[in-house]
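Presented below is the structure to which this report refers.
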Amino acid sequence: MQIDKVKLVQLLRGEGDNDTAEKVDAQLPDQIDTQRDSDALSAVGLDQATLQGKLAGGAIGGSMAM
């Protein structure tokens, strides 16, 4: 799945998770591919289950291309 980094950072900040938002902003590319960038996402504390939970309900618009 493709996710815009800006939208993920906004979601995290909206949840009050500023530390993770800063790590995402500093360490991930502008267009995040959840498969390609899975190691980097895990490194900032967003494993697949956590990320899917945050994305549930359409909180972030992304391309479902996998």
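Here, each number is a calculation from the coordinates, and none is a lab measurement. Keep in mind it's a predicted model, so treat the numbers as computed, not measured.
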Next on the checklist: Suppose the chain between residue 25 and residue 10 were pulled fully straight at 0.36 nm per residue; how much longer would it get relative to their current alpha carbon spacing?
Outcome noted: 4.4 nm
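Would you kindly state how much longer the chain becomes between residue 56 and residue 1 on full extension, computed as 0.36 nm times their sequence separation minus their alpha carbon distance, in nm to one decimal?
Using 0.36 nm per residue and subtracting the Cα-Cα distance, I get 18.5 nm.
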